[in-house]
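Below: the structure, in structure tokens.
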Amino acid sequence: MNDLAQPETISADDATGSGLFLNAAVLDFGDATVEADVLPRIPELTELSRKHRATHVLRAEGDEILAVPIVENAPRLSENRRTLTLRDYPGVACNLWREALLRRMVARKRPIVRGKPVQVLSTATSDQVGPGEKWVSKSTHPKVVRAIDARVAYSFWAQVFRPPASPNEAAAVPVIVLEISIEQRISASVTEQAGVRTSVLDDVREVVRTHYVLPEIAAQRVADLGAPATAKILRELLPKTKAARSGDFGEVLATEVAEQTLGFTVPVRRLRWKDGRNMALRGDDIVGVRVDKSGKLIGLLKGESKSYARLTDTVIEKAAEALDRDRGRPGRHAVLFIATRLRETGKDADAALAAQLEAAVVAGFSSSAVGAVEQFLFALTGIDPNSLLSSHLTAASKKKRPRHAVGVQIADHADFIKLLFGGL
């Protein structure tokens with residue numbers, strides 16, 4: 001019950017542009033059960049769902065509201081609790097699966113229900129529900145779904161023939177139809193968890209150090225000069241001004257999010273190459289790569305990071321302008337800079353990636369050379385960035401390239417950055 005199902009596929013056939021399409025995944029929940037708080041039904045269900053969306057999935061059933069906790073230690077919403085068998089509550093199962101999918105997209109590890117997708121129905125040309133002339137049964141290879149704007153469009157029970165059943169035996173299973181934007185965006189706003197700063201601050205500082213100095217070089221300095229001298233050298237590299245510290249830390253977090261949430265690798269830590277401690281590097285803030293198991297380049301990420309105590313529309317607009325430059329692709333100089341740094345490592349794998357990046361520049365970043373190009377806007381701020389980022393993604397939804405937006409809110413933005421760098 002605590003593992004997220006891995007769908008065989010949830011992808012459209014020959015889908016292009018930024019329109020919407022319907023997908024269906026057949027889920028088998030077996031005898032799985034969940035505990036739900038039972039509340040009397042009220043007209044303000046939408047407001048109640050919004051209030052508790054971080055901890056519960058709420059579903060109206062008859063004259064009751066069923067509230068299923070989706071995180072550990074979720075608060076009780078009612079003294080009346082009931083055990084639900086998911087196959088008997090397809091509406092609840094649908095909403096839990098949608099929540100599981102969305103949380104998968106933003107890589108939040110939380111206890112959520114497990115389903116076992118066994119078949120995919122795709123190629124819907126109307127709002128027809130279920131198998132029919134306008135639906136084609138598929139068994140295709142998966143594409144990772146990265147759309148945050150997904151919703152449950154329909155749910156129904158279907159008779160599905162599936163192994164290991166014999167050809168004449170069908171099983172009744174719930175089918176969940178999701179409406180998903182093919183732009184495959186990730187949009188997330190997160191805030192600092194109360195009471196954990198002290199316990200994680202040293203870990204955050206260690207991550208920041210690695211962005212300024214290669215760990216192997218730091219180890220060599222400790223061996224040659226000792227720890228105190230090594231720490232002093234690091235402090236000579238760190239920015240002194242508030243603006244520079246803020247910008248650098250934003251870029252550190254953006255890089256980590258690009259790797260840990262978006263699934264790209266950022267092969268060069270740009271802060272190691274600054275030509276002045278308080279100077280910002282020019283060019284793209286983030287250039288990420290995605291390679292397959294054979295090492296072939298299959299995707300690029302162009303990212304822009306902004307860090308302000310008070311995020312504004314003007315700041316977001318400047319980031320959007322930067323992402324739109326160069327036809328929405330990474331700058332040629334930025335990519336060649338990365339390729340040069342990779343060749344300098346002397347490693348065969350790095351040299352192979354460098355050659356592909358250089359070939360991509362020569363080919364004008366054609367899709368055959370780099371695969372898909374995605375974009376990423378990251379914001380570190382002291383205010384809630386959700387509204388600004390949501391508006392930005394809505395405005396960007398008609399653009400050619402998929403764009404992700406992630407905001408991190410630290411209420412005492414300036415004080416935290418001062419505390420962080422003060423201990424480096």
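The values are calculated or read from the model by the stated rules, or taken from the named source; none is laboratory data. What you are looking at is a predicted structure, and each value in this text was computed from that prediction instead of being measured. A quick note on method: Cβ atoms are made from the backbone with ideal geometry, for glycine too, and the neighbour counts reach across all protein chains shown.
Data table
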item: Output for the stretch 321-331, where each listed residue is within 11 Å of residue 373 (Cβ to Cβ), in a helix (DSSP H, G or I) and basic (Lys, Arg); result: 327
item: Enumerated strands (runs of 3 or more DSSP E) restricted to the stretch 1-96, each holding at least 1 residues that are at pLDDT 80 or above; result: 33-40, 56-61, 64-69, 81-85
item: Residue satisfying all of: in the stretch 347-369; at pLDDT below 90 and not in a helix (DSSP H, G or I); farthest from the chain's Cα centre (by Cα) among these; result: 363
item: Output for the stretch 236-261, where each listed residue is surrounded by fewer than 21 Cβ atoms within 10 Å (Cβ to Cβ) and under 19 Å from residue 297 (Cβ atoms); result: 259
item: Residue within the stretch 286-294 that is without any contact (Cβ under 8 Å) to a residue 24 or more places away in the chain, assigned by TED's automatic domain parsing to the domain that holds residue 370 and outside any loop (DSSP other than H, G, I, E, B) present; result: no
item: Count of the stretch 295-320 residues which are closer than 24 Å to residue 372 by Cβ, of a type in the set (Gly, Ala, Ser) and in a strand (DSSP E or B); result: 3
item: Some residue of the stretch 270-280 being under 19 Å from residue 210 (Cα atoms), assigned to a helix (DSSP H, G or I), touching a residue at least 60 places away in the same chain (Cβ under 8 Å) and in contact with a Lys or Arg (Cβ under 8 Å, 6 or more places away or on another chain); result: yes
item: Residue pairs meeting the criteria (Cβ under 9 Å; at least 6 apart or on separate chains; first part of a loop (DSSP other than H, G, I, E, B) and modelled with pLDDT of 90 or more, in the stretch 218-244; second of a type in the set (Val, Ile, Thr) and surrounded by 14 or more Cβ atoms within 10 Å (Cβ to Cβ)); result: 238/208
item: Any hit, the stretch 397-419, residues being under 18 Å from residue 247 (Cα atoms), surrounded by fewer than 16 Cβ atoms within 10 Å (Cβ to Cβ) and of a type in the set (Lys, Arg); result: yes
item: Which numbered condition residue 391 misses (of (1) part of a loop (DSSP other than H, G, I, E, B); (2) out of contact with any Gly (no Cβ under 7 Å at 6 or more places or on another chain)); result: (1)
item: Test: residue 208 is touching a helix residue (DSSP H, G or I) at 6+ places or on another chain (Cβ under 6 Å) and assigned to a helix (DSSP H, G or I); result: yes
item: Test: residue in the stretch 365-374 that is in contact (Cβ under 8 Å) with a residue 24 or more places away in the chain and within 30 Å of residue 197 (Cα to Cα); result: no
